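Read through the structure below, which is laid out as structure tokens, and then see the notes.
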Amino acid sequence: MKKSLILTGMMGVGKSTIGRLLAKRLKVRFIDVDKVIEKNQKKSIKKIFQDNGEKYFRKLEEKIALKIIKKRETVIALGGGAFINENIRKKVLKSCVSVWLKVNLDKLIKRYRTNNRRPLLNKTKLDADVRKIYQLRKKIYSLANFKISCDNMSKTQIVERILVLYEN
Ligand code: S3P
């Protein structure tokens, strides 16, 4: 049976949208780890951060992601911080095919300004925050099996590119 396909990368790069399209094309299941966490806690990620804090969220994220990663032949979108967790990353690198979706930072920051769903981002210093998070993470994202620079690519083109990588 084929390995699962994991999408990683910063918040808002389109992991869930691309993941859903990929799963459709591959005729396999799609699982969004953040959605499973929200269902498990019966509240939004934002509310989990507010009520219980980031540490609590990260613990839960590890537990739930590790369980989901065990599945085969599934397209899985990780939350932007999940691949930074060593336990999650090790398992992903060992048993899945991983793709880092990369988008230009200025473009991402524009997306964040119109969407207040993401608890890690404080709007007043959005620019600095995003750059800081990205600086810390990019080396780790680059450990994924493949990298796709999504700028100037349509969703369909991104999906096609990933399909070629995954199927070879
Ligand atoms: C996070 C990304 C979010 C969510 C949480 C933390 C991060 O997921 O898991 O807000 O640390 O980058 P998305 O990447 O799906 O927005």
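Tabulated results
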item	result
Members of the stretch 30-48 that are touching a Leu at 6+ places or on another chain (Cβ under 8 Å) and surrounded by 15 or more Cβ atoms within 10 Å (Cβ to Cβ)	PHE30, VAL33, ILE37, GLN41, ILE48
Top-ranked residue in the stretch 69-88 [being in a helix (DSSP H, G or I) and surrounded by fewer than 21 Cβ atoms within 10 Å (Cβ to Cβ); ranked as nearest to the chain's Cα centre (by Cα)]	ILE84
Filter pass, VAL36 being in contact (Cβ under 8 Å) with a residue 12 or more places away in the chain, in a helix (DSSP H, G or I) and either within 21 Å of LYS3 (Cβ to Cβ) or within 13 Å of the ligand (Cβ to nearest atom) (or both)	yes
Residue in the stretch 7-24 that is closer than 30 Å to ASN152 by Cβ, in contact (Cβ under 8 Å) with a residue 24 or more places away in the chain and in a strand (DSSP E or B) present	yes
Cβ pairs under 8 Å, 6+ apart, first in the stretch 144-167 and touching a residue at least 40 places away in the same chain (Cβ under 8 Å), second aromatic (Phe, Trp, Tyr)	ALA144/PHE83; ALA144/TRP100; PHE146/TRP100; LYS147/TRP100; LYS147/TYR141; ILE148/TRP100; ILE162/PHE146; LEU165/PHE146
Test: residue in the stretch 48-69 that is of a type in the set (S, T, N, Q) and closer than 18 Å to SER16 by Cα	no
Index of the failed condition, ASP51 passing every other in (1) within 19 Å of ARG117 (Cβ to Cβ); (2) not in a helix (DSSP H, G or I)	(2)
Subset of the stretch 123-147 [more than 17 Å from LEU93 (Cβ to Cβ), among the basic types (Lys, Arg) and within 14 Å of the ligand (Cβ to nearest atom)]	ARG131, LYS132
Residue satisfying condition, being touching a residue at least 60 places away in the same chain (Cβ under 8 Å), more than 14 Å from the ligand (Cβ to nearest atom) and out of contact with any Cys (no Cβ under 6 Å at 6 or more places or on another chain), within set LYS71, LYS91	LYS71
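Yes/no per residue for (1) at pLDDT 90 or above; (2) over 25 Å from LEU26 (Cβ atoms); (3) part of a strand (DSSP E or B):
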| site | (1), (2), (3) |
| --- | --- |
| ASN115 | no, yes, no |
| LEU121 | no, yes, no |
| LYS132 | yes, yes, no |
| LEU136 | yes, yes, no |
| ILE140 | yes, yes, no |
| ILE148 | yes, no, yes |
| ASP151 | yes, no, no |
| ILE162 | yes, no, no |
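The values are calculated or read from the model by the stated rules, or taken from the named source; none is laboratory data. Since we're looking at a predicted model, the values are computed, not measured. Please note: Cβ atoms are built from the backbone with ideal geometry, for glycine as well, and neighbour counts cover all protein chains shown.
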